[in-house]
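Chemist: Take this structure first; my questions come after.
Quick note: the coordinates plus some simple rules give every number you see, no bench work behind them. Just so it is clear, the structure is predicted and the values come from calculations on it, not from any experiment. Here the Cβ positions follow ideal geometry from the backbone for every residue, glycine too, while neighbour counts run over all protein chains shown.
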Amino acid sequence: MAAERTELVIGTRGSKLALWQAEHIKGMVEEITGLPVRLKVIKTTGDKILDVPLAKVGGKGLFTKELEVALMAGEVDMCVHSMKDVPTELPEGLYIAAMPERVDPRDVIVSGKGYTLDSLPEGGRVGTSSLRRVAQVRHLRPDVEIVDVRGNLDTRMRKAEEGQVDAVILAAAGITRMGWADRITHYIEPGQMISAVGQGAIGVEIREDDEKMRHVMEHIGHPETMECVTAERVVMRRLEGGCQVPIGAYARIEGARIVMDAMVGSLDGSTIVRRRVEGPAEDPIGLGERMVRELLEGGAGAILEAIRGAESADELLGT
């Protein structure tokens with residue numbers, strides 16, 4: 001019989017935002033279990049490679065793999081992730097056991113000059129490392145220049161505030177969690193730009209055979225968030241999306257139904273296939289499957305085939 005644990009350990013990345021998220025879960029778990037919880041910071045591949053666009057790095061699990069290795073080895077009891085970083089295929093024996101209630105899933109603009117997406121001048125420089133954002137910005141504003149911007153959240157915000165770029169596009173959730181909402185210039189509504197799968201949601205990953213943690217997770221999960229993110233992740237999984245594919249999906253509960261918007265776009269922004277579906281909240285997987293069919297019928301398959309057929313990352317990014 002396994003020894004009773006006297007403390008619990010959370011595996012987390014070391015960025016300020018990742019640590020905030022881990023501390024948030026830590027507080028919940030300590031309250032439920034009465035046990036002390038310790039954070040173990042683990043550097044991931046995505047944290048180590050900061051001078052190359054994620055689309056060029058390739059591979060899945062850039063921000064999760066090393067954390068999952070520690071989880072499988074029993075070095076940590078749980079891992080805390082931003083759900084938009086979590087691949088749709090998890091290692092055998094692990095699963096996302098809980099998601100607390102999601103916060104604002106929208107994308108936002110931070111700009112030292114107060115620009116919105118509409119008011120950016122012709123030729124304005126827009127910073128983002130997301131192909132999903134690249135496709136949608138080029139569709140809405142083909143006259144602006146896209147600049148790849150990596151680094152932690154504060155670094156990217158300062159590049160816009162100090163004028164290195166005219167604006168950066170980021171997730172509202174991270175900025176708000178860090179207490180920097182007053183630095184947001186403009187919120188981009190889903191009607192203009194569909195957010196990343198899982199954006200605004202935190203996920204806690206545990207071992208399937210860890211009964212103690214399974215029971216703890218039942219107390220911190222938010223069922224509606226889990227349903228919505230599950231529907232979104234079906235779209236990404238079926239379309240084989242990741243950092244290299246411009247896919248967005250945003251689901252929310254309206255009454256007893258889930259409503260979801262999703263998009264697939266070409267990197268030059270010339271073609272955006274966008275659809276909305278809705279269905280019963282108790283069948284998020286079925287809703288996701290229906291969204292995939294509608295996107296493929298609308299021409300998403302040809303866009304994805306062209307992207308995957310690109311001979312190089314430079315061709316993919318149009319550089």
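Chemist: Only residues of region 266-287 count here: report those whose backbone N is under 15 Å from the spot 7 Å along Cα→Cβ of GLU254, or say none.
Modeler: Taking a point 7 Å out along Cα→Cβ of GLU254, the residues of region 266-287 whose backbone N falls under 15 Å are 275-281.
Chemist: Arranged by the count of other C-beta atoms within 10 angstrom, fewest first, what order do ILE169, ILE206 take?
Modeler: The most exposed by this proxy come first: ILE206, ILE169.
Chemist: Return the single residue from ILE188, ILE307, ILE32 with maximal mean-square fluctuation; model: Gaussian network over the chain, springs between Cα atoms under 10 Å.
Modeler: Evaluated over the chain, the most mobile residue of the options is ILE32.
Chemist: Hey, what did the chain get for relative contact order, percent, Cα under 8 Å, at least 6 apart?
Modeler: With pairs under 8 Å counted, the relative contact order is 20 percent.
Chemist: Are there any helices in the chain, counted as whole DSSP H runs, that stretch 18 Å or more along their axis by Cα and score at least 1.0 on average by Kyte-Doolittle, and if so which?
Modeler: none
Chemist: Which entry in [x] 15.0; [y] 19.6; [z] 16.1 matches mean projected area of the Cα convex hull in nm² derived from the coordinates of this structure?
Modeler: Structure-derived value, by its label: [z].
Chemist: Right, here's the next one. For HIS24 and ASP154, FRET efficiency with R0 = 25 Å and r from the beta-carbon atoms, rounded to 0.05? Before the final figure, lay out each step's value.
Modeler: Details: r = 19 Å, r/R0 = 0.74.
Rounded to the nearest 0.05, the efficiency is 0.85.
Chemist: Which ³J(HN,Hα) values in Hz, rounded to whole numbers, follow from the phi angles of region 274-279 under the Karplus curve 6.51 cos²θ - 1.76 cosθ + 1.60, where θ = phi - 60° and Gly and Pro get x?
Modeler: Residue by residue, region 274-279 yields 10, 9, 10, 10, 9, x Hz.
Chemist: Nearest 500 deg cm²/dmol is fine: what mean residue ellipticity at 222 nm does the chain get from its DSSP H runs of n ≥ 4 alone, each adding -39,500 (n - 2.57), divided by its residue count?
Modeler: -10000 deg cm²/dmol
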